[in-house]
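Remarks on the structure that follows.
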Amino acid sequence: TMNVLGTTLQRRMGYNASGVVGTRNADNTVTLTVTNAARIPVTGLVNGGVVSYTGTLAPAITAENYAGQRITYLTLAAGQSVTVKKL
């Protein structure tokens with residue numbers, strides 16, 4: 001529907017404006033940091049794999065399977081960082 005399309009486009013625009021930076025760490029983790037609040041899609045993460053985060057609230061985490069791959073969505077507040085485990 002048009003509502004679903006609108007939500008999808010709004011999320012993508014937020015992602016594009018987020019300024020997200022990812023850093024691969026030596027301990028098989030990835031740290032994501034955003035400048036502006038956004039929902040960040042990531043593939044290849046362990047279920048429940050949040051190691052640490054900044055800020056007072058934990059990032060919201062949702063997931064879906066698409067074309068045989070699990071996509072995890074991390075919703076981060078402005079200026080927030082999260083470190084997650086890779087598969």
What nm distance separates the two modelled labels at ALA78 and ASP27, each placed 7 Å from Cα along Cα→Cβ? 3.0 nm
Would you mind getting the Kirkwood hydrodynamic radius of the chain from its Cα pairs, rounded to one decimal in Å? 13.4 Å
Other residues with Cβ under 13 Å from the Cβ of VAL51 give, with Lys and Arg +1 and Asp and Glu -1, a net charge of +1
Counting alpha carbon pairs within less than 8 Å and at least 6 residues apart, what relative contact order, in whole percent, applies to the chain? 34 percent
Once label points are set 7 Å from the Cα along Cα→Cβ at both ASN16 and ASN65, what is their separation, rounded to one decimal in nm? 3.1 nm
For ILE40, enumerate residues with amide H under 5 Å from its amide H, sequence gap 5+ or separate chain, H modeled in the peptide plane. LEU74, THR75, LEU76
Across the range 21-32, in residue order, what do the Karplus-derived ³J(HN,Hα) couplings come to in whole Hz, using 6.51 cos²θ - 1.76 cosθ + 1.60 with θ = phi - 60° and x for Gly and Pro? 10, x, 10, 7, 9, 5, 8, 6, 10, 10, 10, 10
For the pair LYS85 and LEU9, what calculated FRET efficiency results from E = 1/(1 + (r/R0)^6), where r is the Cβ-Cβ distance and R0 = 30 Å, to the nearest 0.05? 0.45
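Bear in mind these aren't lab numbers, they're just calculated from the coordinates by the rules spelled out. Everything numeric here is computed off the predicted structure, so don't read it as measured data. With ideal geometry, Cβ positions are generated from the backbone for all residues, glycine too; neighbour counts draw on all protein chains shown.
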